[in-house]
1. From the backbone phi of segment 262-275, what are the Karplus-calculated ³J(HN,Hα) couplings (6.51 cos²θ - 1.76 cosθ + 1.60, θ = phi - 60°) in whole Hz, Gly and Pro given as x?
2. In whole Hz, with x marking every Gly and Pro, tabulate ³J(HN,Hα) for segment 131-144 from phi via Karplus 6.51 cos²θ - 1.76 cosθ + 1.60, θ = phi - 60°.
3. If I stretch the segment between residue 177 and residue 51 completely, what's the gain in nm (0.36 nm per residue apart, minus their alpha carbon distance), one decimal?
4. On a C-alpha basis, how far is the centre of segment 54-127 from the centre of segment 6-30 in Å? Whole number, if you could?
5. With r defined as the distance between the Cβ atoms of residue 205 and residue 113 and R0 fixed at 35 Å, what FRET efficiency is calculated, to the nearest 0.05?
6. Given the Cα-Cα distance of residue 58 and residue 265 and 0.36 nm per residue of separation, how much length would full extension add, in nm?
7. How would you order 6-14, 77-85 from highest to lowest mean count of nearby Cβ atoms within 10 Å?
8. If each residue of separation counts as 0.36 nm, what is the full-extension length gain between residue 70 and residue 155 once their alpha-carbon separation is subtracted?
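No value in this document is a laboratory result; all are computed from the given coordinates. Note that the structure is a prediction, hence the values are computed from the model and not measured. All Cβ positions, glycine included, derive from the backbone under ideal geometry; neighbour counts span all protein chains shown.
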Amino acid sequence: MELSFKEFLQSGKDQLQRAGFAGVEAEHLLAHTLGISRMELHNPVTVAQALEGIGDTKIVEETFWSLLDRRCTHEPLQYLTGRAYFRHLELQVGPGVLVPRPESELLVESVLTHIETLSGEVSVVDLGSGSGALALAIATEAPQTHVIAVEKSPEAVTWLKANVSFIDEKVRIIEADVATALDGVKCDVVIANPPYVPDGQALPKDVARHEPAVALFGGEDGMSSPIIFIETATRLLKSGGFLAIEHHESQGEKIQRILSENFTDILLHNDLNNRPRFTTAKRR
Ligand code: GLN
């Protein structure tokens, strides 16, 4: 390595910043390259051990530069490191699955608050589970639950299986279309983050270029999938059962109208940016 380690990291930060990204992302990418944590980058002993373990600094340089180049084409940081953080979980993610979003952490929070009011075992179905972030957060934070994760995309199911086997093997995976999944099953809670973005909406480049369209877009007004997910929730929930569904900030009223047929206690909740982002309701 011609540069000192510090200069090497700084040159990565500079490359990202010139391309309009946050310099700190270079720390995540270099830590990932070395197989150490971001904090450990600041400990020369750990860095030296990691470099020695890899043996050839050329490999480190080439891997780091190639990750930086990929980041500059807007590949999500989480796809490059293969890791995403959601509540207290570290999930494996990559191409073919949506990176879990902080707004969905609030959706989980409201489900957990509801589960606290119930006694005994609680059956939960996560519709369109993706990486399994929602299902696994609930399963690990509320151990009295039995959680089923429904997902149809084969690429997403690969990530879902990895996360379930690493984090909580009790979560059951059902590879099926939400519209027809779990015929005859009844449960206490349904949670869903359906594809809800209106087809024409422009999204940030990271999302638009690299994340799966099937997990994002829900038809012209974004409502096609949410409608199907609500139909399935209506079929699955016992009387008094609880639904929490994420949606687009423009869809609160439409969701409420649809839910009013079979649900009571319909509440619209805001996300961290104060936009109406999800609705909870109780099955009549
Ligand atoms: N909130 C996500 C985004 O805008 C969309 C998630 C979804 O469609 N379920 O990137």
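1. Result, rounded to whole Hz: 10, 10, 10, 6, 7, 10, 9, 10, 8, 8, 5, 9, 6, 9.
2. Residue by residue, segment 131-144 yields 5, x, 3, 5, 4, 6, 4, 5, 4, 7, 8, 10, x, 7 Hz.
3. On the way: separation 126, 0.36 × 126 = 45.36 nm, distance 4.63 nm.
40.7 nm is the gain from fully extending residue 177 to residue 51.
4. When both Cα centres are located, 21 Å separates them.
5. Details: r = 36 Å, r/R0 = 1.02.
Efficiency at R0 = 35 Å is approximately 0.50.
6. On the way: separation 207, 0.36 × 207 = 74.52 nm, distance 6.06 nm.
In short, 68.5 nm is gained.
7. Values: 6-14: 15.7, 77-85: 18.2.
Ranking the peptides 6-14, 77-85 by packing returns 77-85, 6-14.
8. On the way: separation 85, 0.36 × 85 = 30.60 nm, distance 2.07 nm.
Separation in residues times 0.36 nm, less the Cα-Cα distance, equals 28.5 nm.
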